[in-house]
Structure formats: C-alpha cells, structure tokens
Amino acid sequence: MNWDVDELLDMVDEWKFKLHDKLKKMTAKQRAAFWRRSRDKARAMGLTVVEQPTSLARPKRRRRATG
C-alpha cells in the first residue's frame with residue numbers, strides 16, 4: 001500500500017517540476033492564457049473553479065483627520 005502512495009507522490013512531483021519549468025519559460029500574458037485555458041477545461045469537466053480576486057494588493061492606509 002505504501003509503495004502505491006510513494007509512486008503517486010513521485011508522479012505528482014515530476015508533474016509539478018515539469019509544470020514549473022514550463023511556466024518559467026512563459027511571459028506573464030502566456031501564463032495568464034495558460035491558466036485561463038486550464039480553468040475553462042476544468043469547468044467543461046464539471047469541476048468547481050474558485051476565482052482568485054483580481055487585485056491582491058492591500059488597501060492603502062489613510063491618515064486619520066486630526067484637529
């Protein structure tokens with residue numbers, strides 16, 4: 001049983017490293033298109049896809065009005 005799990009984890013690691021190398025060679029626009037296509041394929045298979053917020057930047061702090 002443990003051998004099966006180890007083999008699965010090895011395959012996942014191989015896939016992860018291949019994907020990382022592929023994404024490293026892409027431009028930002030190409031990466032965005034790649035993930036968009038991946039999400040579209042997942043939706044077509046009936047999987048639930050959670051969208052990332054469009055802006056990950058934190059809101060700017062404002063000074064309090066004194067006086």
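The values are calculated or read from the model by the stated rules, or taken from the named source; none is laboratory data. None of these values were measured; they are calculated from a predicted model. Neighbour counts are summed over all protein chains in view; Cβ atoms, including those assigned to glycine, are modelled from backbone coordinates with ideal geometry.
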Residues satisfying the stated conditions in the range 9-38, i.e. surrounded by fewer than 10 Cβ atoms within 10 Å (Cβ to Cβ) and assigned to a loop (DSSP other than H, G, I, E, B): LYS25, THR27
Selection within the range 44-67 - at pLDDT below 75 and β-branched (Val, Ile, Thr): THR54, THR66
Residue, nearest to the chain's Cα centre (by Cα), within the range 44-60, restricted to residues that are surrounded by fewer than 10 Cβ atoms within 10 Å (Cβ to Cβ) and of a type in the set (Val, Ile, Thr): VAL50
Failed criterion for LYS41 (all others in (1) exposed (fewer than 10 other Cβ atoms within 10 Å of the Cβ); (2) modelled with pLDDT of 95 or more; (3) among the basic types (Lys, Arg) hold): (1)
Top-ranked residue of the range 11-35 - restricted to ones that are of a type in the set (Gly, Ala, Ser) and within 20 Å of VAL49 (Cα to Cα), ranked as farthest from the chain's Cα centre (by Cα): ALA33
Selection within the range 39-54 - over 21 Å from LEU23 (Cα atoms), part of a loop (DSSP other than H, G, I, E, B) and not aliphatic (A, V, I, L, M): GLY46, THR48
